[in-house]
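Everything on this sheet refers to the single structure shown next.
Here, each number is a calculation from the coordinates, and none is a lab measurement. The model shown is predicted, which means the values in this text are computed figures rather than measured ones. Methodologically, a virtual Cβ is constructed for each residue, glycine included, from the backbone with ideal geometry; neighbour enumeration extends over all protein chains shown.
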């Protein structure tokens, strides 16, 4: 039987979640809702509300995000398998390009079973391109501590990549180091999860060149916990491959 060894965080429901307990959920501008797109990123497991199950937007809902949790299976899988969400929030085997939302700690033999899972230590996608579903920012011991998040950008056409930060972060700088020769006009730009620019477009052209953000928008550069952000890699020519180092300070 699936066991829980986790304490939930209390969030606000974005709608009726009374029939969505133990399914994958996601943060939205309206609150927490059940996942509805197969393979999408999940931000936690929907638990119960207190003192009542969440039936309308604005109700309190418990969300589990760490340690040992349980989830409703959407099909068969084995212990140790990488799991993603189906289109109703149940756990299923992750395929190429899917977000890996959990690791099975118990097997499931059929849809509807409640089984044990844990959060993944690495949140790279099953394609192996870590930046598509980049790691959570490392946990920090004290407010004000500095963190540097390294993100590998592959050689690919112009693409906007998304990643999730586990804690509230204030961005203080962005450094780009090129791995291969690019072309004038190749750039990296940090944006909010909604696509609003945080930094200017940072040159990413010369082989082994090190460049940094020239500007950071004070009104946009604080990233809420689990809200995430985007990096747009604009390729004009040559190779786009580079490393991006996001410098930030943990904020309460």
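At a glance:
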| quantity | calculated |
| --- | --- |
| Computed E for residue 88/residue 196 - FRET, C-beta separation, R0 25 angstrom, nearest 0.05 | 0.20 |
| Whole-Å semi-axes of region 1-123's equivalent ellipsoid (Cα gyration tensor) | 22, 15, 13 |
| Whole-number D in µm² s⁻¹ for region 170-230, Kirkwood Cα-pair radius fed into Stokes-Einstein, 10 °C, 1.306 mPa s | 131 |
| Share antiparallel - DSSP beta bridges, the chain, percent rounded to 5 | 95 |
| Residue 16-residue 180 pseudo-label distance in nm [points 7 Å out on the Cα-to-Cβ vector] | 5.2 |
| Cα→Cβ-extended label distance, 7 Å offset, between residue 170 and residue 7, nm | 2.6 |
| Cα-Cα P(r), region 130-250, percent of pairs per 5 Å interval | 2, 13, 24, 25, 18, 11, 5, 1, 0 |
| Theoretical FRET efficiency, 1/(1+(r/R0)^6), r = Cβ-Cβ of residue 160 and residue 249, R0 25 Å, to 0.05 | 0.50 |
| FRET E, pair residue 234, residue 110, Förster distance 51 Å, beta-carbon r, rounded to 0.05 | 0.65 |
| Rel. contact order, % - alpha carbon contacts under 8 angstrom, at least six apart, the chain | 17 |
| Column: log10 I(q)/I(0), Debye, Cα scatterers of the chain, q = 0.13, 0.14 Å⁻¹ | -0.84, -0.94 |
